[in-house]
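Let me begin by handing over the structure; questions about it come next.
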C-alpha cells in the first residue's frame, strides 16, 4: 500500500496544533503496518533545517503557476521512523515567519503547495494508491486528481481521502481562487462544488471530490452532518454521509506514558499506581500550594479559546470558591480569558494557579499530578488531553461531545465508567459534574476502579492506524 500523506504541519518539524501531532504519529504507525508512506509539507522558514536533519534533494527547480505568476520550488527531505518526509521549499510563499497568515495570497500559498506535491510525484514516478489529504490546505488535491492530472498514468488508480480535523476551518477565499488553482472559470457556478455563499470554499471542494472523507472521531463524523456542528457545510456532508468515516486519533504513547515519562516526579502504572501521589505532591509544591494533599486537585491544559468552554470554569470558581478544591491552569490564547484567569488566580493564590505560556514539562506534571482534568468544550472533534489524562490515571470531566464522547464513559456506567461527562453546554450541568467528581474523590475504592479502567484503555496510534489501513484497502 503506497500512501501519500499531505499536510500543512507535522511534528516534530513544525507545529501549531493537533494536526501536527496526527501527521507526526499516524504515518509511522502506517509504516509499521506495512504501508510505504511519503509525507509532504511546506518548508516554512520556521523549520530548523539543521536540527530537523533535513537535506536538499537532487531535484530540478520547478515552477508552478499560482495567482498568475510562476513560482519556483525545490525539494528537501528526511527519512525517519520508516517514513520519507518531503518539504516543498518556496521561500516566496513559506518564508513569512509563521505557518498560517492573513495575507491576501494565503490561498495561493497552498495552491502552489498542492500542485508542487503532484509535480514532485510525477518527477519521482511514484504511484500512490492513496492520497491522504488533511484539512483545507490539501483539499484541492482530490479535484486536481480528477480534473487536471487524470491524464497521467501515475495517478490513474489513485484514490483520495480527505481528513477533516476541524470543520470550522474551511479555506474560504475570493472566487478567483478557483482559476488561480488552474480550474476553468466555468467550474465556479452557484451551488457547485467550488462555490459557497459567493466565495470559493476549498474544504467543500475536497469533500465533494474525495473518494472518502474521514474525521477524527466517530461522534464528530455524525455531528458535522448537523446544523449545530456543520459550520454551513452540513448539507454537502449529509449528501456524502455514506462516505464519511470517523476514526479516533491516537496518542503518542512514547511521549505520554506514565511508566517512562522523564518529565514527571515518579513513574507509575495501572498495576503499580503508588507513584501518582508523589506527582500530586510535586505539582502542589510547584504551584506554591501548601497544606492538605487530601483536597481534590483539578488540572487544565488547553488553548484558552471560546471552543474550550473556559467560561464554565470561571463561573464555577467564582460561585464555589469556598469549597475545598485547588485548580492549576496552563495555556494561552484569547486575551479576555487570559486576563480573567489571571485575575482569579491573583485573588485566590492559595487555591488557583494560572500559567499563561507553553510549558511542556508543566503540561506533563499537571496530567500526572492532578486528580481530575477539566475539558468542558463547546465542541471537540477529537481531543487528546482527555486521552492523556486517562492514560495517567487522572479522571477527565468533559462535555459529552465529539471525541470526548467516544473516549470518556460516565461513571453512571458502573461496569465501564472511566470519567465524568455532561451533555449540554450549560453551567448547571458542568457544576453538577464537578460536584459529582468531589463525591467520587471521597469514595476511594470507586475512584481507584475508575482510574484503573482509564489506564487500561488502548489509545495507541497502532490501533487507529489499523482502522485507516482498513479504510484504504476498502477504496483500493
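What follows draws every value from the coordinates through simple rules; no lab data is involved. Computed from a prediction, not measured in an experiment: that's the story for all the values here. As a convention, Cβ positions derive from the backbone with ideal geometry for all residues, glycine included, and neighbour counts pool all protein chains shown.
Tell me the angle of helix 335-347 to the major Cα principal axis of the chain, expressed in degrees between 0 and 90 and rounded to the nearest ten.
20
What do you get for the angle between helix 444-455 and the principal long axis of the chain? Use alpha-carbon atoms, 0 to 90 degrees, nearest ten.
10
Rank these for me by crowding, 371, 48, going from fewest to most other beta carbons within 10 Å.
48, 371
Which whole-number percent gives the relative contact order of the chain, counting Cα pairs below 8 Å spaced six or more residues apart? Present the calculation step by step, with values, prior to reporting the outcome.
Numbers: 918 pairs, mean separation 58.3, N = 476.
Answer for the chain is 12 percent.
Using 0.36 nm per residue of separation minus the Cα-Cα distance, give me the extension gain between residue 456 and residue 2 in nm, one decimal.
Working: separation 454, 0.36 × 454 = 163.44 nm, distance 3.29 nm.
Going from the current span to full extension adds 160.1 nm.
Given the Cα-Cα distance of residue 169 and residue 150 and 0.36 nm per residue of separation, how much length would full extension add, in nm? Working shown, then result.
Numbers: separation 19, 0.36 × 19 = 6.84 nm, distance 2.80 nm.
Working it through step by step, the gained length comes to 4.0 nm.
Contact order normalised by length for region 284-382, with contacts defined as Cα pairs under 8 Å and 6 or more residues apart; what percent is it? Write out the running numbers ahead of the final one.
Details: 133 pairs, mean separation 40.2, N = 99.
It comes to 41 percent, rounded to a whole number.
At 222 nm, what value in deg cm²/dmol follows for the chain if DSSP H runs of at least 4 each add -39500 (n - 2.57) and the sum is divided by all its residues, to the nearest 500? Walk me through the numbers on the way to the answer.
Details: 18 runs with 174 residues, N = 476.
Only helices count here, giving -10500 deg cm²/dmol.
Quick one: if you take sqrt(5λ) for each eigenvalue of the C-alpha gyration tensor of region 361-438, what semi-axes come out, biggest first, whole angstrom? Let's see the in-between values first.
Details: eigenvalues 66, 38, 32 Å².
Output for region 361-438: semi-axes of 18, 14, 13 Å.
While we're here: Rank the residues 259, 216 as a footprinting-exposure proxy: fewest other Cβ atoms within 10 Å of their Cβ go first. Don't jump to the answer; show the numbers that get you there.
On the way: 259 13, 216 26.
In order of increasing Cβ crowding within 10 Å: 259, 216.
Label-point separation (nm) for residue 346 and residue 59, each offset 7 Å from Cα along Cα-to-Cβ?
Each label point is offset 7 Å from its Cα along the Cβ direction, giving 5.0 nm.
Let me ask something additional. For the Cα atoms of the chain, what angle does the longest principal axis make with the long axis of helix 427-442, in degrees from 0 to 90, nearest 10?
Approximately 60 degrees, to the nearest ten.
Moving on to the next point. Let me make sure I get this right: for region 39-127, a, b and c are the square roots of the gyration tensor eigenvalues over alpha carbons, sorted descending. Under 1.5 in a/c it's rounded, otherwise prolate if a/b > b/c, else oblate. Which is it?
Values: a/c = 1.97, a/b = 1.23, b/c = 1.60.
Verdict is oblate for region 39-127.
Separate question: Quick one: if you stick a label point 7 Å off each Cα along the C-beta vector at residue 446 and residue 292, how many nm between them?
It is 2.0 nm.
I would also like to ask the following. Let me make sure I get this right: for region 275-458, a, b and c are the square roots of the gyration tensor eigenvalues over alpha carbons, sorted descending. Under 1.5 in a/c it's rounded, otherwise prolate if a/b > b/c, else oblate. Which is it?
Details: a/c = 1.41, a/b = 1.16, b/c = 1.22.
Because its axes are fairly even, with a/c under 1.5, region 275-458 counts as rounded.
Now for a different question. Apply 1/(1 + (r/R0)^6) to the Cβ-Cβ distance of residue 474 and residue 339, taking R0 = 51 Å, and write down the FRET efficiency to the nearest 0.05.
Computed FRET efficiency for residue 474 and residue 339: 0.55.
Next up: Determine the distance separating the Cα centre of region 262-298 from the Cα centre of region 120-142; give it in Å without decimals.
Comparing the Cα centres of region 262-298 and region 120-142, I get a distance of 46 Å.
Classify the chain as rounded, prolate or oblate from the Cα gyration tensor: take a ≥ b ≥ c as the square roots of its eigenvalues, call it rounded if a/c is under 1.5, otherwise prolate when a/b beats b/c and oblate if not. Can you show the working numbers first?
Working: a/c = 1.93, a/b = 1.81, b/c = 1.07.
Verdict is prolate for the chain.
Right, another one. Tell me, 45, 89 in order of fewest to most beta-carbon neighbours within 10 Å?
Details: 45 13, 89 25.
Sorted ascending by nearby Cβ count, the order is 45, 89.
Pairs of alpha-carbon atoms within less than 8 angstrom and 6+ residues apart define the contacts here; what relative contact order does region 1-112 have, in percent? Walk me through the numbers on the way to the answer.
Values: 188 pairs, mean separation 29.2, N = 112.
About 26 percent, as a whole number.
Please give the length that would be gained between residue 240 and residue 429 if that part of the chain were fully extended, namely 0.36 nm times their separation in residues minus their C-alpha to C-alpha distance (nm, one decimal).
Details: separation 189, 0.36 × 189 = 68.04 nm, distance 3.40 nm.
Length gained between residue 240 and residue 429: 64.6 nm.
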